[in-house]
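Peer 1: Sharing a structure with you now.
Values quoted throughout were computed directly from the atomic coordinates according to the rules given, and no laboratory measurement underlies them. Since we're looking at a predicted model, the values are computed, not measured. All Cβ positions, even for glycine, are placed from backbone atoms using ideal geometry, and neighbour counts span all protein chains on display.
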């Protein structure tokens, strides 16, 4: 798909996420907006998937390890055709399926793991990547982590095992928006140098602009490295990306947009004709 | 028991290509045969149990049948959240094996004791909890666990546990095995204390009290049919487990009793106290400290039986 088209989809998704947050009072808007471009590049360009066969054994897998980005993932999965977009009308309703975090794979097509507690997605993804080797399948696994999530020891346990096992069908993308729930991620726990940490753990690591669709597409379609290393992509992002008054303002981790804010956000995204 | 586990896991893995064994850097040479036969399906996950549990769940989500194995506290309390979310919430077939359960590693100190595992595992939705008495039950438990659709926890001992001959050896998850019939009292054993419970029954017999003995290899789902029958038939029902008196099989039965109309049987329980054992000691020393001996069990059951009979 052309880059422009991918960018259009990303803007449309951003608009829908903000509308849903406004309507249903769903938080984590900043975290959702920072990973939209990554999700669009993954689902509309990289993954070898057929939404009509969500359980195809040889499909590529994507795990939203930063489960609090579910509001973004739900929109992407609907637009990609895993379920009708109209299903999202019931977002946040009592008795519904769309919560603030992804449900289990048995409860919604397209979901590969029930995340929400941080530090779980990478170990699960590693198990899936090793399963491909055991079952002689060719699928790849991508796990999207937040920078705050890299606080969790289980992330680094998985990183070491993946390197030891030379798991070359596993990719981590870190949505590095420099914030976690209550402050700057660099100040809360020493995260820097993040790309060097992944390299030191035996990964083939690189840094990109996580909002540059061209860079995302390129890194997501890179050939496997010859050393059998897992790949870590440190995607520099901006929390709240796409709406000037939300960008890099951590209040939008929990804040809900008002009617006026919704309208100006949509204007900025070019969604109001 | 751990040798039987390694042997049975090896056999089963050759019958079923979905079986994968994950070990937490334990069992030096124990799994050589498994590795020799199915090396591609053995992973030493290192001393990183949270990851090991998540990896197992990822494998189960991909159609495999992983077994994870290490010392009980590290395969339960250490990675409890991964068990709760990755295995139980997603309801995937991961078999979690804890070796050296209860007081098997008494001499290693409380970091290696596990007298809480039955409590914390049985409270998890979707989890099946098994505590085989000996290697025969262990092999049966493992085989059955690998046929389950959801997660299973198996607590096992260490090595050299005696095999108890049983009146009936039909195995089914959720159905206790009658070791011997008896008309006066009922002794329920779960896990590796069964030989002591059988000896307690012998001591009772020499006092003229005829004890039925049941081996509850399944803690969850609770065998309510057997429980209902024994509480209707016997004035004293004693539950014996190498586990805290809080939250184990006795706790489970007490919860069940609270939901029933008054029944004939009185429940008495034998287990460890609500404390960490600070002094050094062997497993038999620790059992004696907590009254998990044939002498204490038979004496207390006899007292209770006499009290009720008068």
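Peer 1: What FRET efficiency, computed as 1/(1 + (r/R0)^6) with R0 = 30 Å and r the Cβ-Cβ distance, is obtained for residue A:222 and residue A:186, rounded to the nearest 0.05? Can you show the working numbers first?
Peer 2: On the way: r = 27 Å, r/R0 = 0.92.
In this case the efficiency is close to 0.65.
Peer 1: Roughly how far apart, in whole Å, are the Cα centres of the range B:151-204 and the range A:181-209?
Peer 2: The range B:151-204 and the range A:181-209 have Cα centres separated by 53 Å.
Peer 1: How high is the FRET efficiency between residue A:133 and residue A:260 when r is their beta carbon distance and R₀ equals 51 Å, given to the nearest 0.05?
Peer 2: Working: r = 53 Å, r/R0 = 1.04.
Given R0 = 51 Å and the Cβ-Cβ separation, E is 0.45.
Peer 1: Once you place label points 7 Å from the Cα toward the Cβ at residue B:149 and residue B:289, how far apart are they in nm?
Peer 2: The answer from the label model is 4.4 nm.
Peer 1: I've got another one for you. With springs only between Cα atoms under 10 Å apart, run a GNM on chain A and tell me which of A:134, A:63, A:18 wobbles the most.
Peer 2: The residue that fluctuates most here is A:134.
Peer 1: Helix B:249-258 sits at what angle to the longest principal axis of chain B, using alpha carbons and giving 0 to 90 degrees rounded to 10?
Peer 2: 60
Peer 1: Here's something else I'd like to know. Take every residue in peptide A:99-105, count the Cβ atoms of other chains within 10 Å of its Cβ, and give the average of those counts.
Peer 2: Values: counts 0, 0, 0, 0, 2, 6, 4.
Per residue, the number of nearby Cβ atoms from other chains is 2 on average.
Peer 1: Further question on the same structure: Given a Förster distance of 45 angstrom, what is the FRET efficiency for residue B:273 paired with residue A:251, based on the Cβ-Cβ distance and rounded to 0.05?
Peer 2: Numbers: r = 51 Å, r/R0 = 1.13.
Computed FRET efficiency for residue B:273 and residue A:251: 0.30.
Peer 1: Among B:181, A:152, A:223, B:81, which comes first, then next, by fewest other beta-carbon atoms within 10 Å? Can you show the working numbers first?
Peer 2: Values: B:181 11, A:152 19, A:223 5, B:81 15.
With the fewest neighbours first, B:181, A:152, A:223, B:81 line up as A:223, B:181, B:81, A:152.
Peer 1: Report the antiparallel proportion of the DSSP beta bridges in chain B as a percent, rounded to a multiple of 5. Walk me through the intermediate numbers first.
Peer 2: Working: 7 of 43 bridges.
If we restrict to bridges inside chain B, about 15 percent are antiparallel.
Peer 1: Please give the length that would be gained between residue B:14 and residue B:280 if that part of the chain were fully extended, namely 0.36 nm times their separation in residues minus their C-alpha to C-alpha distance (nm, one decimal). Kindly include the intermediate steps, with their values, before the conclusion.
Peer 2: On the way: separation 266, 0.36 × 266 = 95.76 nm, distance 4.18 nm.
Working it through step by step, the gained length comes to 91.6 nm.
Peer 1: Which of A:269, B:204 has the fewest other C-beta atoms within 10 Å, and how do the rest follow up to the most? Numbers along the way, then the final one.
Peer 2: Working: A:269 17, B:204 24.
Sorted ascending by nearby Cβ count, the order is A:269, B:204.
Peer 1: Cα axis of helix A:3-24 to longest principal axis of chain A: angle in degrees, 0 to 90, nearest 10?
Peer 2: Once rounded, one gets 60 degrees.
Peer 1: Same structure again: For the range B:1-149, compute the orientation-averaged projected area of the C-alpha convex hull (one quarter of its surface), in nm².
Peer 2: Values: hull surface 31.4 nm².
Answer in nm², one decimal: 7.8.
Peer 1: Turning to a different aspect of this structure: If you fit an axis through the alpha-carbon atoms of helix A:153-164 and take the longest principal axis of the Cα set of chain A, what angle between them do you get, 0 to 90°, nearest 10?
Peer 2: On a 0 to 90 degree scale, this one is about 40.
Peer 1: Now, a different point. Report the antiparallel proportion of the DSSP beta bridges in the range B:2-155 as a percent, rounded to a multiple of 5. Numbers along the way, then the final one.
Peer 2: Details: 1 of 21 bridges.
Percentage antiparallel, nearest 5: 5.
Peer 1: Divide by every residue of chain A the summed helix terms, -39500 (n - 2.57) for each DSSP H run of at least 4, and state the resulting mean residue ellipticity at 222 nm, rounded to the nearest 500 deg cm²/dmol.
Peer 2: Working: 10 runs with 100 residues, N = 273.
Per the formula, -11000 deg cm²/dmol.
Peer 1: Next up: Kindly rank A:103-115, B:232-244 from highest to lowest mean number of other beta carbons found within 10 Å of each residue.
Peer 2: Numbers: A:103-115: 19.8, B:232-244: 24.0.
Top of the packing list down: B:232-244, A:103-115.
Peer 1: Treat each spin label as a single point 7 Å out from the Cα along the C-beta direction, and report the residue A:151 to residue B:112 distance in nm.
Peer 2: Roughly 3.4 nm, to one decimal.
Peer 1: Quick check: Cα centre of the range A:68-102 to Cα centre of the range A:152-171, how many Å?
Peer 2: After rounding, the separation between the Cα centres reads 30 Å.
Peer 1: With a 10 Å cut-off between alpha carbons and a GNM built on chain B, which of B:207, B:180, B:283 moves the most?
Peer 2: Taking springs between Cα atoms under 10 Å, the residue moving most is B:207.
Peer 1: To check you understand DSSP bridge types, tell me what percent of the beta bridges within the range A:72-208 (both residues inside) are antiparallel, rounded to 5. All intermediate terms of the calculation are to be shown ahead of the outcome.
Peer 2: On the way: 2 of 8 bridges.
So the antiparallel bridges amount to about 25 percent of the total.
Peer 1: A further question follows. Want the number for residue B:3 to residue B:303: 0.36 nm per residue separation, take away the alpha-carbon distance, what's left? It would help to have the intermediate numbers written out before the result.
Peer 2: On the way: separation 300, 0.36 × 300 = 108.00 nm, distance 3.95 nm.
Full extension from residue B:3 to residue B:303 adds 104.1 nm.
Peer 1: Then there is this: For n ≥ 4 DSSP H runs only, could you compute -39500 (n - 2.57) per run for chain B, divide by its residues and tell me the 222 nm figure to the nearest 500?
Peer 2: Helix-only estimate at 222 nm: -10500 deg cm²/dmol.
Peer 1: Taking the number of other C-beta atoms within 10 Å as the exposure measure, put B:278, A:253 in order starting with the fewest.
Peer 2: Ordered by Cβ neighbours within 10 Å, fewest first: B:278, A:253.
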